[in-house]
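Everything below concerns the one structure shown next.
The values are calculated or read from the model by the stated rules, or taken from the named source; none is laboratory data. Remember, it's a predicted structure, so these values are computed and weren't measured experimentally. All Cβ positions, even for glycine, are placed from backbone atoms using ideal geometry, and neighbour counts span all protein chains on display. Accessible surface areas use protein heavy atoms only, side chains included; no ligands, DNA or RNA. Shrake-Rupley method; radii C 1.70, N 1.55, O 1.52, S 1.80 Å.
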Amino acid sequence: MLSISVKEFLVWKKNQLSKGGDQQSFAVLLDCLGGVSTCDLNLLNINPEGDLNLKKSLDFLESVWEEHLLKSHPIQYLCGIAFWRNLKLKVTEKVLIPRPETELVVDIVSKIFDNKSQKLFFAELGTGSGAISIALALEYPLSDGIATDIDQDALEVASENYINASKQSNLRFYCGHWWNPLESFKGKLDLVISNPPYIPKHTYEKLPKEVKNFEPKIALLGGEDGLKHISEIIQKAPLFLKEKGWLILENHYDQGEKVKKLLLKNNFTSIEIMNDLSGIGRFTIGRYK
Ligand SMILES: C[S@@+](CC[C@H](N)C(=O)[O-])C[C@H]1O[C@@H](n2cnc3c(N)ncnc32)[C@H](O)[C@@H]1O
């Protein structure tokens, strides 16, 4: 631990933020590498007297901040941590940084299955850091969940996150292409969630540097029209869902109507396009018959 005066620290902080970047990213840096939480910061602003203990030197923190600003390197990857809902998750460049809009998936599930003591059998296809599955496994402690991904490295990050977040053992991790790891669970799932890669090719090429240069292409690119993976997931879903089981998909801002048509074509009912907090039709949900 390094001790410095709070006043010196606050001047340094103002100086760093004047170089660019946003408060939220800076808070992640201070919390994850400096050991100063947002709550600590608020207290320091109210009472800037005395000294403060830091886990890393100001020079080190400054060098990380500059790397973030100069190379558009996401702060979550530089710190190895992302905050999502109430979880603190490990992230590496093998997993997508879980997005705030995706947090709503858990609320959608809670609306559908309002009894938290329910013994749900759920699967998540393409779990990445494990965010969605871990949140659901914690929210429904009696449930049994399977989180899959094509990338074994991503699954290792996800299972480490699960071990850190939970003392339970109601979530398993399987590697493979979409439904393949679930062959032995045909007709048994109450709920399947997926936030698959859905970015159309032409949009992918124009993504901001911080996304295109650092986040895994396999987590983002959804083929020519963005719907390659979503279509495959929907087509095979009836084989794996229980009768009246739910499929919840995240999609690109303008794909809701197309996803709805795919669900209709595959005999889903109760189809709904649900908005994220910006009013964008971000999720399309349906029930198998
Ligand atoms: C958009 S990311 C979502 C990650 C995480 N669920 C989230 O919401 O933050 C899509 C995930 O799907 C995985 N994926 C891509 N292609 C896949 C495939 N063919 N089969 C299974 N998973 C796949 C990627 O490795 C990635 O982790």
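Go through the range 133-156 residue by residue and tally those that are closer than 22 Å to ILE218 by Cβ, open to solvent by 10 Å² or more (accessible area, probe 1.4 Å), in a helix (DSSP H, G or I) and not polar (S, T, N, Q).
Number of matching residues: 2.
Report those helices (runs of 4 or more DSSP H) wholly inside the range 1-94 carrying at least 3 residues which are open to solvent by 30 Å² or more (accessible area, probe 1.4 Å).
6-17, 38-46, 58-71
Results for (1) without any contact (Cβ under 8 Å) to a residue 12 or more places away in the chain; (2) of a type in the set (Phe, Trp, Tyr), shown as yes or no for each residue.
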{"residue": "PHE9", "(1), (2)": "no, yes"}
{"residue": "ASN15", "(1), (2)": "yes, no"}
{"residue": "GLY20", "(1), (2)": "no, no"}
{"residue": "LEU33", "(1), (2)": "no, no"}
{"residue": "GLU62", "(1), (2)": "no, no"}
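Anything in the range 157-169 that is surrounded by 19 or more Cβ atoms within 10 Å (Cβ to Cβ) and either under 24 Å from ILE112 (Cβ atoms) or within 9 Å of the ligand (Cβ to nearest atom) (or both)? List them, or say none.
ALA158, TYR162, ALA165
Residues to consider are ILE193, ILE273, ILE234; find the one that is open to solvent by less than 50 Å² (accessible area, probe 1.4 Å), touching a helix residue (DSSP H, G or I) at 6+ places or on another chain (Cβ under 7 Å), within 20 Å of SER110 (Cα to Cα) and at pLDDT 95 or above.
Sole residue among the options that is open to solvent by less than 50 Å² (accessible area, probe 1.4 Å), touching a helix residue (DSSP H, G or I) at 6+ places or on another chain (Cβ under 7 Å), within 20 Å of SER110 (Cα to Cα) and at pLDDT 95 or above: ILE193.
Only residues in the range 191-202 that are among the hydrophobic types (A, V, I, L, M, F, W, C) and in a strand (DSSP E or B) count as the first member; pair them with residues that are more than 7 Å from the ligand (Cβ to nearest atom) and open to solvent by 10 Å² or more (accessible area, probe 1.4 Å), Cβ under 8 angstrom, at least 6 apart or cross-chain, and list the lot.
LEU191/ILE112; LEU191/PHE113; LEU191/PHE121; LEU191/TRP246; VAL192/TRP246; ILE199/LEU207; ILE199/LEU221; ILE199/HIS252
If a residue has to be among the aromatic types (Phe, Trp, Tyr) and open to solvent by 10 Å² or more (accessible area, probe 1.4 Å) to count, how many in the range 237-258 make the cut?
Number satisfying all stated conditions: 2.
Residue-wise test of (1) in contact with a helix residue (DSSP H, G or I) (Cβ under 7 Å, 6 or more places away or on another chain); (2) polar (S, T, N, Q); (3) within 30 Å of ALA137 (Cβ to Cβ).
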| site | (1), (2), (3) |
| --- | --- |
| LYS13 | no, no, no |
| SER18 | no, yes, no |
| LEU54 | yes, no, no |
| LEU61 | yes, no, no |
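What pairs come up if the first residue lies in the range 144-165 and is touching a residue at least 60 places away in the same chain (Cβ under 8 Å) and within 16 Å of GLY176 (Cα to Cα), the second is open to solvent by 20 Å² or more (accessible area, probe 1.4 Å) and more than 9 Å from the ligand (Cβ to nearest atom), and their beta carbons are under 8 Å apart, counting only those six or more places apart or on different chains?
Hits for this filter: ASP153/THR92; VAL157/LYS90; VAL157/THR92; ALA158/PHE173.
When you check ASP107 against the structure, is it more than 9 Å from the ligand (Cβ to nearest atom) and closer than 28 Å to GLY286 by Cβ, yes or no?
yes
Within the range 116-132, which residues are among the hydroxyl-bearing types (Ser, Thr, Tyr) and without any contact (Cβ under 8 Å) to a residue 40 or more places away in the chain?
Matches in the range 116-132: SER117 only.
Assess whether PHE113 counts as being buried (at least 24 other Cβ atoms within 10 Å of the Cβ) and on the phi < 0 side of the Ramachandran plot.
no
Considering only residues that are of a type in the set (Val, Ile, Thr) and free of Cβ contacts under 8 Å to residues at least 40 places away in the same chain, look in the range 212-248 and name the one that is farthest from the ligand (Cβ to nearest atom).
Ranking the qualifying residues of the range 212-248, first place goes to ILE234.
Yes/no matrix, rows are residues, columns are (1) of a type in the set (A, V, I, L, M); (2) over 14 Å from the mean Cα position of the chain (by Cα); (3) over 30 Å from LEU142 (Cβ atoms):
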position: THR38; (1), (2), (3): no, yes, yes
position: LEU44; (1), (2), (3): yes, yes, yes
position: LEU58; (1), (2), (3): yes, yes, yes
position: VAL64; (1), (2), (3): yes, yes, yes
position: LEU78; (1), (2), (3): yes, yes, yes
position: GLU101; (1), (2), (3): no, no, no
position: VAL109; (1), (2), (3): yes, yes, no
position: LYS119; (1), (2), (3): no, yes, no
